[in-house]
Amino acid sequence: MNEINEDLKKSKINFEIINKIRSGITANTYLAKYKKNKSIIKVFKKQKYKLITNQFQSNFIKEQLVNKKLFPEVTYLNRKEGILIYKYFEENSIKLSRSKTIELLGISLTKLHSIKSNKNIKTFEHQITAYNKILKSNKNTKLIKKANYLLKKIESYENGEKVFSHNDLNPTNILFSREDIRFIDFEYSSMNSRFCDISRIVESFNINDEEINVLLSSYGIKTNSSVLEIIKDWSLMNLYLDLIWAYVMNKVQKGSIKNNYINGLELKLDNKGNE
C-alpha cells in the first residue's frame, strides 16, 4: 500500500485503507474509510501519452452527475494530484426483473445524456485522434483506417448531435441498488453520439430485439430500421475502439493487456465484420 500512502500524504488526507480493489491501467482503486464513511479512493496514474481521460472531473460535469444521482457523492477531488474519493455505493442483492432493469437503464441513460457540457470538454473524435498518434508507427494501421472510415459513415447518417457519453458502459461500471443506478469509471467519457452508450448496453447485457424496444422506449426513442442500423454500426465501432485501446495500452505499458483478451477481440471483430 506504499504507493497510496505516498500519494495521499501530499494532500494531508486522513484515511484508512480496507483493501485494494484493482490495479488498473489508468488508476489504482481502493476500498477505504474516509471521514467515517466507507469510500472508494482512486489514485490516477501519471500519463506518458496524452490519452484524453477524466473529462468528467471538471466541477461543472461532476456536480451534475452527483446531483442527478448518476454518480456516488464525491467527498474529495484533487485533480492536480490525481486523487478522487467518493462514498461507497452499496449494491442491493435483491434483483429486479430483467425487463425492469433494462427500463431503468434506458431512463438513467436519458439523464446521463442530458448532462450539459462545458466548452473545454473533448469529443470522441479527439480521443480517436490521440490513439491514432500513439499508434502511428503500429503495424495495425489498417485497423485504424477501418475504424475512421466507419466513424465517418456513421456521422454521415446521424444528425451530428453530441451528448455527454460514458463510452465504456460494461456491467462492471454500472451499480444497481433496486431502482437506483450509479455509473462509475468515467475516465473515457467525452462528447459523443448517444448510440455509443446505447449500443454498449445492448452488447453488454445481450439485449434481444424485443428488449431493445424496452430500452429505446424508456430512453425516449422510437424503434425503426434506421435506429437499429445505427446501433449495429456503433456496436462494430465499439469493438474497433476496444481493440485499438488494447493496442494503445500495450504501447503505453508493455504487456498490460493480455494476449487472450486481444485475440478474443480480434476474433469477435472478424465475426462482426462478416455478419
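Counted residue by residue at 0.36 nm each, then reduced by the alpha carbon distance between them, the extension gain from Lys142 to Asn92 reaches 13.5 nm. Converting phi to 3J(HN,Hα) with the Karplus coefficients 6.51, -1.76 and 1.60 and the offset θ = phi - 60°, the range 64-77 yields 5, 4, 6, 4, 7, 6, 9, 9, x, 5, 8, 10, 7, 8 Hz in sequence order, with x at every glycine or proline. Here the alpha carbons of the range 117-275 define both size measures, Rg and Dmax, at 16.0, 48 Å.
From least to most packed, judged by other beta carbons within 10 angstrom and beginning with the fewest, Ser199, Ser156 follow the order Ser156, Ser199. Annotation: amide H of Met191 within the under-5 Å range of Lys122, Thr123, Phe124, Ser165, sequence separation 5 or more or interchain, hydrogens built in the peptide plane.
Computed about the Cα centre, the dipole magnitude for the range 120-275 is approximately 940 debye when only Lys and Arg (+1) and Asp and Glu (-1) carry charge, each at its Cβ. For Lys36, a cut-off of 16 angstrom between C-alpha atoms picks up these aspartates and glutamates, skipping any fewer than 8 places away in its own chain: Glu16, Glu73, Glu90. Annotation for Lys119 and Lys20: the two label points, set 7 Å from Cα along the Cα-Cβ direction, are 4.3 nm apart. By the beta-carbon count within 10 Å of each Cβ, the least crowded to most crowded order of Tyr149, Tyr88, fewest first, is Tyr149, Tyr88. A dipole drawn for the range 183-260 from +1 and -1 charges on Cβ atoms has a positive end, and of Gln253, Tyr240, Ser199 the residue lying farthest that way is Gln253.
Taking each DSSP H run with n ≥ 4 as -39500 (n - 2.57) and averaging over every residue of the chain yields -15000 deg cm²/dmol at 222 nm. A Förster radius of 41 Å combined with the Cβ-Cβ distance from Phe60 to Asn224 puts the calculated FRET efficiency at roughly 0.75. Placing unit charges on each Cβ (+1 for Lys and Arg, -1 for Asp and Glu) gives the chain a dipole about its Cα centre, and among His113, Val66, Leu151 the Cα reaching farthest toward its positive end belongs to Val66.
In this label model, Arg79 and Ser156 are separated by 3.8 nm, measuring between points 7 Å along each Cα→Cβ vector.
Past 27 Å, Cα to Cα: identify those pairs from Lys119/Lys152; Lys62/Lys222; Lys12/Lys45; Lys100/Lys146, in the order given. From the list (Lys119/Lys152; Lys62/Lys222; Lys12/Lys45; Lys100/Lys146), the Cα-Cα distance tops 27 Å for Lys62/Lys222; Lys100/Lys146. The loop-placed trypsin sites (Lys or Arg not before Pro) in the range 240-275, going by DSSP, that have at most 11 neighbouring Cβ atoms within 10 Å of their Cβ come out as Lys254, Lys258. With all pairs of separate Cα atoms included, the chain yields a Kirkwood hydrodynamic radius of 19.9 Å.
Every read-out reported here was derived from the displayed coordinates using simple, explicitly stated rules and does not represent laboratory data. Since the structure is predicted, the reported quantities are computational estimates derived from the model, not experimental observations. Here Cβ is always computed from backbone atoms with ideal geometry, including for glycine, and neighbour counts include all displayed protein chains.
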